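The structure appears right after this line, and notes come after that.
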Amino acid sequence: MSDRPLTIGVTRCSKLDDYVASVEQTGARARILEVTESPRKVLGEVDGVVLTGGGDVDPVFYGEDRHPLTHDAEPGRDEFEIDLARRAMTGDVPLLAICRGAQVLNVAAGGTLVQDIPSAVESGLAHAVNEPKNHDCHDIEIVAGSRLSSVLGDRADAACSCRVNSRHHQSVGRTGHGLAVSARAADGVVEAIEKPDAAFCVGVQWHPENFWESGEFRPLFDAFATAARDRRR
């Protein structure tokens, strides 16, 4: 086994600190990934990947016309992260995808996105909530027996319900090939997806990294890091 520390690749975004802290809390080292890197080369140098939040995925990547409220991410992110996600799924490299990352994961698997929840979903539930980053906004219902339900442990109650923060206006539409929905909000908006046959491939629509100090979602990061360690062995 290599002498280097367990290394998790974290895609660059505008708010990296909480992602890095969440990864390092598991005992791993965070390596920030640049869009100029080769996804193939990156996956030979890291033990797992975190796809972070950010702007919207260009709908050209899932064959739809652009909604007026769709806002592009930083140049190069879509191409780099979609390729990275596809290669990670093919190589069974542990992958934790967060907010935009979950959407990237779904598009990489051939799925689509809801480009603007308020105009597409009839619901009084607010998903883009302007509150402190670790503020619980609404409940999600987790699919019993899913990987997500098993890793969240005590964070989810006996009814597989869990409160999360919420800062997004897009979500998973048609689920990508090989992926399954593992959580929804009360209005039906997809809150989590996963690849059931993977060592670890989970995408969540909320921001669990924002809770790293209080630890509510640490089991999710611990399970991801454990899968990365197991693969390395």
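The values are calculated or read from the model by the stated rules, or taken from the named source; none is laboratory data. In this text the structure is predicted, and so the values were computed from the model without any measurement. Cβ sites come from the backbone with ideal geometry, for glycine too, and all protein chains shown count toward neighbours. When the accessible area is computed, the model is the full protein with side chains, heavy atoms only, and any ligands, DNA or RNA have been set aside. Shrake-Rupley method; radii C 1.70, N 1.55, O 1.52, S 1.80 Å.
Listing for the model above:
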{"quantity": "For segment 98-108, Karplus couplings with θ = phi - 60° (6.51, -1.76, 1.60), whole Hz, Gly/Pro x", "calculated": "10, 6, 3, x, 5, 5, 4, 4, 5, 5, 4"}
{"quantity": "With all protein chains modelled, accessible area of Cys137 [1.4 Å, Å²]", "calculated": "30"}
{"quantity": "Calculated FRET efficiency for the pair Ser214/His177, C-beta based, R₀ 41 Å, to 0.05", "calculated": "0.70"}
{"quantity": "Other-chain or far-sequence residues with amide H under 5 Å of Leu33's (modelled H)", "calculated": "Val10, Thr11, Arg12"}
{"quantity": "Along principal axes, Cα extents of segment 144-198, largest first, whole Å", "calculated": "29, 28, 15"}
{"quantity": "Protein accessible area in segment 17-156, 1.4 Å probe - carbon and sulfur %", "calculated": "48"}
{"quantity": "Sites matching trypsin sites (Lys or Arg not before Pro) across segment 101-162 that sit in DSSP coil, with at most 12 neighbouring C-beta atoms within 10 Å", "calculated": "Lys133"}
{"quantity": "Segment 13-102: equivalent-ellipsoid semi-axes (sqrt of 5 x gyration tensor eigenvalues, Cα, Å)", "calculated": "23, 16, 11"}
{"quantity": "Accessible area of segment 157-233 belonging to carbon and sulfur atoms, whole % at 1.4 Å probe", "calculated": "50"}
{"quantity": "Distance from segment 82-106 to segment 198-233 (C-alpha centre basis), Å", "calculated": "14"}
{"quantity": "Sparse-neighbourhood loop sites, GluC sites (Glu not before Pro) in segment 79-177 - DSSP loop, at most 13 other Cβ within 10 angstrom", "calculated": "Glu122"}
{"quantity": "Backbone HN-Hα couplings from phi across segment 32-38 [Karplus 6.51/-1.76/1.60, Hz, Gly and Pro as x]", "calculated": "6, 9, 9, 5, 7, 7, 8"}
{"quantity": "Against the rule of thumb 2.2 N^0.38 Å, how large the Cα Rg of segment 81-216 comes out", "calculated": "0.99"}
{"quantity": "Three semi-axes of the equivalent ellipsoid, segment 187-231, Cα gyration tensor, whole Å, largest first", "calculated": "19, 18, 6"}
{"quantity": "Percentage relative contact order, segment 182-233, counting C-alpha pairs under 8 Å, at least six apart", "calculated": "21"}
{"quantity": "Average Cα contact separation per residue, segment 82-139, under 8 Å, 6 or more apart, as relative contact order %", "calculated": "25"}
{"quantity": "Inter-label distance for His135 and Ala186, nm, one decimal - labels placed 7 Å from Cα along Cα-to-Cβ", "calculated": "1.8"}
{"quantity": "Helix-only [θ]222 nm of the chain, DSSP H runs n ≥ 4, -39500 (n - 2.57) each, per residue, nearest 500", "calculated": "-7500 deg cm²/dmol"}
{"quantity": "Order by protection proxy (mean Cβ within 10 Å, highest first), peptides 108-114, 32-38", "calculated": "108-114, 32-38"}
{"quantity": "Length gained when the stretch Arg29-Ala144 is fully extended (0.36 nm per residue, less Cα-Cα span)", "calculated": "38.2 nm"}
